[in-house]
1. For Q71 and S455 in one chain, what is 0.36 nm times their gap in residues minus the Cα-Cα distance, to one decimal in nm?
2. Report, for the chain, the % of DSSP beta bridges that are antiparallel, rounded to 5.
3. Rounded, prolate or oblate: pick one for the chain, where a ≥ b ≥ c are the square roots of the eigenvalues of its C-alpha gyration tensor, a/c under 1.5 means rounded, and failing that, prolate if a/b is larger than b/c, else oblate.
4. Leaving ligands, DNA and RNA out of it, report the carbon-plus-sulfur percent of the accessible area of the range 120-206 at a 1.4 Å probe.
5. Across the chain, where is the longest run that never hits trypsin sites (Lys or Arg not before Pro) in a DSSP loop with at most 13 other C-beta atoms within 10 Å?
6. Contour minus end-to-end for K322 and R442, with contour as 0.36 nm per residue of separation and end-to-end as the Cα-Cα distance?
7. Taking the Cα of Q356, stepping 7 Å toward and past its beta carbon, and measuring to each backbone N in the range 387-424: which are under 13 Å?
8. Assuming 0.36 nm per residue, please report the length gained on full extension of the stretch Q621 to R179 beyond their Cα-Cα distance.
Amino acid sequence: MPQGAIYLSYSYLCTLQYKRMITVSNIFVKYSDRILLDHVNFVIGERERIGLVGKNGTGKSTILKIIAQYQSPDSGTVTYPSVYTLGFLHQELELPQGKTVLQEALTAFDEIKRLEKRIEEINEELGVREDYESDAYARILQELSDATDRFSIFGGHNMNAEAERVLKGLGFKSKDMDRQTSEFSGGWQMRIELAKIILQKPDYLLLDEPTNHLDIESIIWLENMLKNYEGTVVVISHDKTFLNHVTNRTIEIELAQIYDYKAHYTKYLELRKERREQQEKAYANQQREIARKERLIERFRAKNTKAKFAQSLMKELDRMNKIEVDNEDASAMKLRFLPAPRSGEVVVEARSVVKQYGDLMVLDKVGFKLDRNERVAFVGRNGEGKSTLSKIIAGVLGSTDGEVNLGHNVSIAYYAQNQAETLDPKMTLLESMEDGCPDELRTKLRSILGAFLFSGEDAEKKVSVLSGGERARLALAKMLLRPANLLILDEPTNHLDIISKEILKRSILAYDGSLIVVSHDRDFLDGLTERTIEFRDRQLHEYLGDVNYFLKKRNVDNFRSVSLGENNPSKPLTQTVKEEVIVLSPEEKKERENKIRQLKRDVHNAERKVEKLEKQISEYQSKMAESGFYESENSAKTIEAYQKAQADLEIAMENWESKQEELDSLQ
């Protein structure tokens, strides 16, 4: 991995902070006849938190590889600081074999070990030298100071403890530290690589979909770590909550162009919609103005007395900066499950199921029943048995004890957590679809691929060149080749972009069969099922509602709190939650009432400020929509005032929400 010189003192590095930015200039990338990135430009500043978003296949991973110098663009340049370090987590990693988990993580400290060795060498040299007043002696003292500073900054005194802390944050247990890396799946090996990069503490941290193989607890740990990270973070993710928690700037790639927003994901969506509306309004106004002038030109150009006026209008049109509405990528996969054959009333019935791996008990005599057309979500921490029971029901894994019976005429479509990884990378997309395809659908395979955004020559591509999201779409397409009346989906949203997630959800809602879905994505699960099964302590705990009902019964405000084991999970849960009765003293009641009155005033004042700013913004928008606005002398001032009002509105909204939440909590 390319890196700049690193043997510099921390104090000197601090003097370079103002120069520490990466500049992406005029990057152009073309694959075959498709332009992926069309002369894009942006700057990555110090300590920024950037979310890189866009549909699968738009070039997000490509731009990260170019910045990390793993790939060269067709044209354009990337300029780096004179001093920098960079860490890149990409999707196609190959972890070296032959080391334990801890040993592999400790390779992150190779530089520190070199520093340690150099410090020892310098100390030995100083022990025999006597030219205390010479320039050479002063230089070697400075080198010792610089090396010692960097050794301390990068945790040279507690390498093992720091490596274990990060590995445990990413889900490893103490007993895993001495296991060989080859014993772990690709997802767990990715965690080891992520740990190594974090331990190196690079100035620029580039992460390509880091949450795909993480459980909820590890995602939360990573969020907290990134929020406090000293360097710059650029992350590709399709997890809206993760992006909102970590980032404060969003760069969208769409149709080979980039659009830069100084906001986290949810706010970016609002700004994006607002930008397009303003563009469309300004474009419409300008088109009306152009049409008016063209009518005048046509009317007066033939009249001698008005010819000069017509020529003046023509010059105005030539000088006019034409407003263009940014193109929008409206492509989306078309996913529709085949009609489900009718099954018996009982689809699945499991009795006293036990699953044990050696001494590890995962499921302990659990029971489960699914009736026709029921929809059930499996939730809980990773490792509690959600995927295990899904595999047992799907018939791809046997149980240690107990029985699982499928009902009459039950046909299963199973999407494994690593389904996209099971595709043969040497096959073309068309060959992959033909593998196991019913004869009657073979003539329709290209059309099916087209519905999943693989058109024309894409069918002849090798699976190996597909991005993670494209492989996930291909795996979904294969799953639709045969009708089924029981869908078992294990983390189906991994690798899918946000739009594809929403399409998948709508398709599942329209599906007329039975459903078992394993997911930690609350947005995806919201309203998708009518029953929720929590896996905890080797047992199943049932809630007769969707994920929001489950959260309410668990008396927590978010899915992640459940996954972290909050709300005293060691105690058994019942179908009702007792409310705690708090008795206040007269003094406490009076203080509380005064606080509520003050908060009501604060909320009222905040609402008035929001209304005032919204009115100002509306007035500015009306001015900006007037014909000839952008040619007027005051346009720049108006735009500046408009942008300031928008920023003030964002602050006012946050203040209002904060006061309202505080008031709600007291009431």
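1. Result for the pair: 135.7 nm of gain on full extension.
2. Among the beta bridges of the chain, antiparallel pairing accounts for roughly 50 percent.
3. Rounded, since a/c falls under 1.5.
4. Of all accessible area on the range 120-206, carbon and sulfur atoms account for 46 percent.
5. Result, exposed sites excluded: 427-577.
6. Once the chain is fully extended between K322 and R442, it gains 38.3 nm.
7. The answer is 400-402, whose backbone nitrogens lie closer than 13 Å to the label point.
8. 152.9 nm
The values are calculated or read from the model by the stated rules, or taken from the named source; none is laboratory data. Just so we're clear, the structure is a prediction, and the values are computed from it rather than from any experiment. We place every Cβ from the backbone using ideal geometry, glycine too, and count neighbours over all the protein chains shown. What goes into the accessible areas is simple: the full protein's heavy atoms, side chains included, and nothing from ligands, DNA or RNA. Shrake-Rupley method; radii C 1.70, N 1.55, O 1.52, S 1.80 Å.
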